[in-house]
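Heads up, the thing below is written out as structure tokens.
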Amino acid sequence: MSADRAEDTSEGRARPAGEGRGATENMSGAFKDVAGEPLVEVRGIGKRYGNIIALHDVSTTVGAGEVTCVLGDNGAGKSTFIKILAGAHDYTEGELLVDGKPTHFASPRQALDAGIATVYQDLAVVPLMPVWRNFFLGSEATKDVGPVKRLDVKFMKETTKAELAAMGIDLRDVDQAIGTLSGGERQCVAIARAVYFGARVLILDEPTAALGVKQSGVVLRYIAKARERGLGVVFITHNPHHAHPVGDRFVLLRRGRSMGDFTKDEVSLAELTDMMAGGAELESLAHELGQTMGDDSQVATSLRASAGKPHR
């Protein structure tokens with residue numbers, strides 16, 4: 001096997017460089033259903049743990065070339081929702097449809113095989129390994145050298161650089177340790193890896209939560225880039241200021257229940273922030289604080305202004 005070909009280790013066949021399971025050429029057309037139905041749809045989905053209701057009656061869709069934002073504070077049910085889509089947990093009520101077909105995932109492997117990849121907040125990378133080794137970690141490309149197989153290092157380096165460049169990430173050297181990259185850049189490497197290995201739907205778990213303003217902007221730019229390439233993106237976040245610029249659809253969760261499923265035309269940033277912060281609760285709190293701090297309306301305005309800002 002020549003150096004510019006590598007074995008697809010998951011399917012047992014060779015593939016030319018640049019034609020991986022997540023090859024990006026013509027990607028936007030490849031993932032769109034002829035009938036225009038969503039890649040993933042959840043209908044009244046929920047999850048119970050005994051008598052505890054972790055999630056109840058959540059409905060939304062994830063379309064090709066769209067970003068669906070799932071917003072909620074801590075304990076809202078975002079993690080449970082992620083685990084259902086990622087195949088880590090099965091749902092106990094409602095329906096999950098993938099490509100229009102009712103689906104139950106028995107494992108994360110099944111979800112991945114269906115093209116649903118999850119990039120968790122705590123990235124599974126080896127900081128001291130080069131970027132290219134992390135990109136192919138667990139799915140290393142090989143080539144035949146006589147009677148044995150060896151790692152196709154040249155292919156993996158070239159492919160890593162090309163795939164990152166396609167996402168707009170211009171690294172001088174893919175041999176540098178991934179731990180030397182910024183948090184935003186590491187997130188973007190994980191996104192590019194998922195795309196290359198066949199993801200049709202990307203679930204991003206709070207990718208901007210631990211990042212500063214500049215790095216958050218980098219990640220948001222790559223989310224938009226993934227959408228342009230035809231992927232369906234599920235963006236989990238507690239920050240409406242990050243969600244609204246890139247989102248096409250918004251699902252708001254509170255205490256395990258859906259507060260609504262809105263398109264961008266149906267909800268403004270101010271309305272998202274108000275619902276996230278709990279408008280009625282803020283008014284009550286403002287009245288309580290106003291008794292000791294002064295004017296109620298001034299307190300309410302200050303609370304709302306801070307509600308959507310990133311946690312420090």
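The values are calculated or read from the model by the stated rules, or taken from the named source; none is laboratory data. Quantities reported herein were computed from a predicted structural model and do not represent experimental measurements. When we count neighbours, we look across all protein chains shown, and the Cβ atoms used for this are built from the backbone with ideal geometry, even at glycine.
Do the conditions hold for Val195, that is, is it out of contact with any strand residue (DSSP E or B) (no Cβ under 6 Å at 6 or more places or on another chain) and not aromatic (Phe, Trp, Tyr)? Give the steps one after another, and end with the answer.
Numbers: out of contact with any strand residue (DSSP E or B) (no Cβ under 6 Å at 6 or more places or on another chain): yes; not aromatic (Phe, Trp, Tyr): yes.
Yes, satisfied.
Of all residues in region 128-153, which are touching a residue at least 40 places away in the same chain (Cβ under 8 Å), surrounded by fewer than 21 Cβ atoms within 10 Å (Cβ to Cβ) and more than 20 Å from Ile191 (Cα to Cα)?
Thr142, Lys143, Asp144, Lys149 - these are the residues of region 128-153 that are touching a residue at least 40 places away in the same chain (Cβ under 8 Å), surrounded by fewer than 21 Cβ atoms within 10 Å (Cβ to Cβ) and more than 20 Å from Ile191 (Cα to Cα).
Pairs, please: C-beta under 9 Å, at least 6 apart or cross-chain, first residue at positive phi and assigned by the TED database to the domain that holds Val131 and in region 157-185, second among the hydroxyl-bearing types (Ser, Thr, Tyr) and modelled with pLDDT under 90?
Listed pairs, sorted by first residue: Gly168/Tyr222.
Check whether at least one residue in region 137-155 is over 30 Å from Glu41 (Cα atoms), under 20 Å from the mean Cα position of the chain (by Cα) and modelled with pLDDT under 95, and report yes or no.
Looking only at region 137-155, we keep the residues that are over 30 Å from Glu41 (Cα atoms), and these are 137, 140-155.
If we keep only those that are under 20 Å from the mean Cα position of the chain (by Cα) as well, we get 137.
Then drop every residue that is not modelled with pLDDT under 95, which leaves 137.
There is at least one residue in region 137-155 that is over 30 Å from Glu41 (Cα atoms), under 20 Å from the mean Cα position of the chain (by Cα) and modelled with pLDDT under 95.
Tell me whether region 87-110 contains one or more residues that are among the hydrophobic types (A, V, I, L, M, F, W, C), under 28 Å from Asp274 (Cβ atoms) and not in a loop (DSSP other than H, G, I, E, B). Talk me through it step by step, then tell me what you get.
As a first pass, look at region 87-110 and keep what is among the hydrophobic types (A, V, I, L, M, F, W, C): 88, 96-98, 105-106.
Still in the running and under 28 Å from Asp274 (Cβ atoms): none.
No, region 87-110 has no match at all.
Assigned to a strand (DSSP E or B), in contact with a Lys or Arg (Cβ under 7 Å, 6 or more places away or on another chain), of a type in the set (Val, Ile, Thr) and closer than 26 Å to Ala190 by Cα: does that describe Val125?
Values: assigned to a strand (DSSP E or B): no; in contact with a Lys or Arg (Cβ under 7 Å, 6 or more places away or on another chain): yes; of a type in the set (Val, Ile, Thr): yes; closer than 26 Å to Ala190 by Cα: yes.
When the stated conditions are applied, Val125 does not pass them.
Here's a check for you: in region 92-123, which residue that is touching a Leu at 6+ places or on another chain (Cβ under 8 Å) and touching a residue at least 40 places away in the same chain (Cβ under 8 Å) is nearest to Ile52 (Cα to Cα)?
Within region 92-123, the match that is nearest to Ile52 (Cα to Cα) is Leu96.
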